[in-house]
1. Of the residues V59, V54, only one is within 21 Å of T142 (Cβ to Cβ) and hydrophobic (A, V, I, L, M, F, W, C); which?
2. Restricting to the range 95-116, name every residue that is among the aromatic types (F, W, Y) and either touching a Leu at 6+ places or on another chain (Cβ under 6 Å) or assigned to a loop (DSSP other than H, G, I, E, B) (or both).
3. Which condition breaks for P92 when tested against (1) without any contact (Cβ under 8 Å) to a residue 12 or more places away in the chain; (2) in a helix (DSSP H, G or I); (3) exposed (fewer than 14 other Cβ atoms within 10 Å of the Cβ)?
4. Among the residues of the range 116-155, what is the count of those that are in contact with a His (Cβ under 8 Å, 6 or more places away or on another chain) and surrounded by 21 or more Cβ atoms within 10 Å (Cβ to Cβ)?
5. Would you say L84 is under 24 Å from L140 (Cα atoms) and at pLDDT 85 or above?
6. Within the set of pairs 6+ apart or on separate chains, which have a first residue in the range 37-66 that is farther than 17 Å from F7 by Cβ, a second that is among the acidic types (D, E) and surrounded by fewer than 15 Cβ atoms within 10 Å (Cβ to Cβ), and C-beta atoms under 8 Å apart?
7. Hey, among the residues in the range 52-73 that are part of a loop (DSSP other than H, G, I, E, B) and charged (D, E, K, R), which one's surrounded by the fewest Cβ atoms within 10 Å (Cβ to Cβ)?
8. Please determine, by comparing only the residues of the range 94-135 that are of a type in the set (V, I, T) and under 13 Å from the mean Cα position of the chain (by Cα), which one is nearest to F7 (Cα to Cα).
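The values are calculated or read from the model by the stated rules, or taken from the named source; none is laboratory data. Only a predicted model underlies this, so the values are computations on that prediction, with no experimental measurement involved. Cβ placement follows ideal geometry from the backbone for every residue including glycine, while neighbour counts extend to all protein chains displayed.
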Amino acid sequence: MGSHIAFVTFALAAITDFFDGYLARATGSVSKIGIFLDPIADKLMVAAVIIMLVFAKWVDGIHVVAAVVIMCRELLVSGLREFLAAAQVSVPVTVLAKWKTTVQMIALGALIWTDGAPEFGIPAQEIGLGLLWLAAVLTLYTGIDYLRAGLKHMV
């Protein structure tokens with residue numbers, strides 16, 4: 001039962017995060033505090049879930065590499081955005097980065113549901129691990145993209 005509750009809680013958090021940003025942009029009600037807090041909340045949620053999944057050994061062995069790649073990219077991009085904000089340079093989120101986030105959230109949701117999904121015949125861990133690797137590849141690509149854009153302003 002706990003796996004179902006954790007899955008639903010995470011899914012609701014991911015879905016409301018998506019709609020919050022979408023509605024804020026669509027209605028023109030983007031705020032400075034929202035611009036500041038939203039990426040922090042996203043990174044904290046992803047980091048906390050990845051740490052929990054590794055601790056629970058639902059992500060283990062070689063799969064930890066994918067989790068570490070995702071964590072490192074999140075830290076790198078956060079630091080880069082902080083640096084560029086101080087230089088008054090904005091780096092917009094790319095469409096591919098949005099897809100990366102979507103794949104990442106689905107992967108993490110599936111992995112959270114590792115214990116509960118088999119009741120429904122769903123191989124959640126296998127699906128989650130496959131998507132985690134896809135998210136890691138997208139993470140590397142988009143991270144390099146952001147770094148390339150940021151390096152122009154660092155030299």
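1. V59
2. Passing the criteria: only W113.
3. (2)
4. So the count comes out to 2.
5. no
6. Here the result reads D38/D20; V54/D60, each pair linking the range 37-66 to a residue that is among the acidic types (D, E) and surrounded by fewer than 15 Cβ atoms within 10 Å (Cβ to Cβ).
7. Here the answer is K57.
8. It comes out as I106.
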